[in-house]
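The values are calculated or read from the model by the stated rules, or taken from the named source; none is laboratory data. Values in this document were obtained by computation on a predicted structure and should not be read as measured data. Cβ: placed from backbone, ideal geometry, glycine included. Neighbour counts: every protein chain shown. To get the accessible areas, we keep the full protein, side chains included, count just its heavy atoms, and leave off ligands, DNA and RNA. Shrake-Rupley method; radii C 1.70, N 1.55, O 1.52, S 1.80 Å.
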Amino acid sequence: MEKVIRRTYSVCPVCGRRLDARIVVKNGATWLEKSCPEDGDFSVLIWKNKKSIFSWYGEAEELKEGESERCPSACAEGGLCPEHKNDTCCVVLEVTERCNLHCRYCFADKKNGPDIPFEELRREMAGFIVPGKTLVQLSGGEPTMRDDLPELVAAAKELGCKYVQLNSNGIRLAEDESYVKKLAEAGLSFVFMQFDGTDDEIYKILRGKALFAVKEKAIANCAKYNLGVTLVPTVVPGVNSAAVGDILRYGVKMSPAVRGVHFQPVAHLGRIPHLPRDESRFTLDELMLEIERQTDGLVGDGNLQPSKCDHPLCGFHGDFIVKQDGTLYPLTRKRDDAACCCCGAENPADKNREFVGRRWQRPEGDCCAPAATEDMQDMDYFLSRLSSHGFTVTSMAFQDAGNLDVERLRMCSLHVAKNGRLVPFCVNYLTLWKEPA
């Protein structure tokens, strides 16, 4: 028995044409189904019904017939279209095509071309930075391949950027402490670091070499210069899907140097030549269930909730304080909890930006000795501990050509700067596929 629960639009993963699509519950799971007159029928797993998809959708507005008719092509060609429903929370700026790894999974799949000239990047930033407001993510390629990255950070700050984030694999941060010092002095706010587990076998499969010691050294160097680090695992079924608990426990152990863990279930973008099979997908509800199971109560049922900034199927957030005994004090307990990163916000993108900025940026002087007793009911202690040992558990489930849903896409608040325009992340990196492998 099947039940159509929503209707939307998607694209053919082979030819790219826009298609009618429907969200269907059947066989104990939820699927996005679509049919292309040239390339045939596609049914893509999007939710394994480990949690109620009806509850998770909440009050998310359903796409109506005739809405967003030019999406995603309009946003790809001209930037955010008038029907886009969300403002910009974070801007991704690619600063290089070079990389010192060749990962099995990569959004960008760069070809090691020349770096983008400094002045060109500065002009791009001047076009999108709103003084005192913008969060820019310096990305690539691997941004630390640029020797002038500290100067780019300084330029962003001079233009009024409030938060400057570095997306990095951590290799140079581990090998070159003086470079980390320069980044901190230039005004870098925090580091978003690729971190797939605590077992080198995982890195050998996903990144081509053992890297755990490198990751630890990068965290140590960042901590020395008060740069907060958020760990970013790409979760791949059968590779590190059984390691999400170990990753979270490691992150908590490394607090306050580590500010949180941001899980990214594998999306088939960039370096993926074939249409993936359902067993290669790791759904958002499956991730939440595994976090709860694998952490033995460290993160409990209800502590992870959908954000009201993006579409509910795009991710989740959980807000915590790391207690002195290494356990987590949850601030997120239910959908309408005041700790929700942007609940009730007049501008959800602005509220979400400030939430992640405050949590991921490490405050000055957060290494003071802990109080003799821990009392979360004491407001002074609570606020101090929240500032020094705040910890987030978040996720972003990026879309690919198989599961792309225009209902989700029009709510995107993560935008890529490209030639003077802002493009939704999943549009910018959309990759069409050949037939299934």
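Being in a strand (DSSP E or B), in contact (Cβ under 8 Å) with a residue 40 or more places away in the chain and within 25 Å of residue 426 (Cα to Cα), is that true of even one residue in the stretch 270-292?
Quick first cut of the stretch 270-292, residues in a strand (DSSP E or B) only: 270, 274.
Restricting the remaining residues to those that are in contact (Cβ under 8 Å) with a residue 40 or more places away in the chain gives 270, 274.
Imposing the further condition that a residue be within 25 Å of residue 426 (Cα to Cα) reduces the set to 270, 274.
Within the stretch 270-292 (the criterion being in a strand (DSSP E or B), in contact (Cβ under 8 Å) with a residue 40 or more places away in the chain and within 25 Å of residue 426 (Cα to Cα)), the answer is yes, since at least one residue qualifies.
Could you check how many residues of the stretch 22-40 are at pLDDT 95 or above and among the polar types (S, T, N, Q)?
2
Across the stretch 86-100, what is the number of residues that are assigned to a loop (DSSP other than H, G, I, E, B) and closer than 13 Å to residue 161 by Cβ?
1
From the residues in the stretch 408-437 that are open to solvent by less than 30 Å² (accessible area, probe 1.4 Å) and of a type in the set (Gly, Ala, Ser), which one is farthest from residue 41 (Cα to Cα)?
Applying the filter and picking the extreme gives 417.
Here is a list of conditions, (1) open to solvent by 10 Å² or more (accessible area, probe 1.4 Å); (2) more than 22 Å from the chain's Cα centre (by Cα); (3) farther than 23 Å from residue 269 by Cα, and residue 255 meets all of them except one; can you say which number that is?
For residue 255, the failing item is (2).
Just to be sure, is residue 147 charged (D, E, K, R), out of contact with any helix residue (DSSP H, G or I) (no Cβ under 6 Å at 6 or more places or on another chain), over 18 Å from residue 260 (Cβ atoms) and at pLDDT 95 or above?
yes
Read through the list (1) farther than 18 Å from residue 4 by Cβ; (2) open to solvent by 30 Å² or more (accessible area, probe 1.4 Å), then give the number of the only condition that residue 46 fails.
Here residue 46 clears every test but (1).
Check 324, 361 and return the single one that is polar (S, T, N, Q), touching a Ser or Thr at 6+ places or on another chain (Cβ under 6 Å) and at pLDDT 85 or above.
Within the list 324, 361, the selection yields 361.
Count, please, the residues in the stretch 130-179 that happen to be touching a residue at least 60 places away in the same chain (Cβ under 8 Å) and charged (D, E, K, R).
Selection size over the stretch 130-179: 3.
Filter the stretch 1-27 for residues that are β-branched (Val, Ile, Thr) and not in a loop (DSSP other than H, G, I, E, B); which is surrounded by the most Cβ atoms within 10 Å (Cβ to Cβ)?
The first filter runs over the stretch 1-27 and keeps only residues β-branched (Val, Ile, Thr), leaving 4-5, 8, 11, 14, 23-25.
Narrowing further to those that are not in a loop (DSSP other than H, G, I, E, B): 4-5, 8, 11, 23-25.
Details: 4: 11, 5: 14, 8: 21, 11: 27, 23: 22, 24: 18, 25: 17.
Ranking the candidates gives 11 first.
Is it the case that residue 30 is surrounded by 21 or more Cβ atoms within 10 Å (Cβ to Cβ), of a type in the set (Val, Ile, Thr) and free of Cβ contacts under 8 Å to residues at least 60 places away in the same chain?
Spelling it out, residue 30 is indeed surrounded by 21 or more Cβ atoms within 10 Å (Cβ to Cβ), of a type in the set (Val, Ile, Thr) and free of Cβ contacts under 8 Å to residues at least 60 places away in the same chain.
Assess whether residue 152 counts as being in contact with a helix residue (DSSP H, G or I) (Cβ under 9 Å, 6 or more places away or on another chain), of a type in the set (A, V, I, L, M) and farther than 25 Å from residue 206 by Cα.
Spelling it out, residue 152 is indeed in contact with a helix residue (DSSP H, G or I) (Cβ under 9 Å, 6 or more places away or on another chain), of a type in the set (A, V, I, L, M) and farther than 25 Å from residue 206 by Cα.
Only residues that are open to solvent by 20 Å² or more (accessible area, probe 1.4 Å) and charged (D, E, K, R): list them for the stretch 122-142, please.
122, 123, 124, 133
So which residues in the stretch 222-269 are part of a loop (DSSP other than H, G, I, E, B) and in contact (Cβ under 8 Å) with a residue 60 or more places away in the chain?
Matches in the stretch 222-269: 226, 227, 236, 255, 256, 257, 266, 267, 268, 269.
Could you grab me the full set of residues in the stretch 53-93 that are on the phi > 0 side of the Ramachandran plot and surrounded by 12 or more Cβ atoms within 10 Å (Cβ to Cβ)?
Matches in the stretch 53-93: 58, 68, 79.
So if I check each of 173, 166, which one is in a strand (DSSP E or B), of a type in the set (A, V, I, L, M) and either open to solvent by 10 Å² or more (accessible area, probe 1.4 Å) or in contact with a helix residue (DSSP H, G or I) (Cβ under 7 Å, 6 or more places away or on another chain) (or both)? Spell out the reasoning first.
Working: 173 fails: in a strand (DSSP E or B).
One residue alone meets the criteria, 166.
Take the stretch 371-407 and flag every residue that is out of contact with any strand residue (DSSP E or B) (no Cβ under 6 Å at 6 or more places or on another chain), open to solvent by 30 Å² or more (accessible area, probe 1.4 Å) and closer than 27 Å to residue 294 by Cβ.
374
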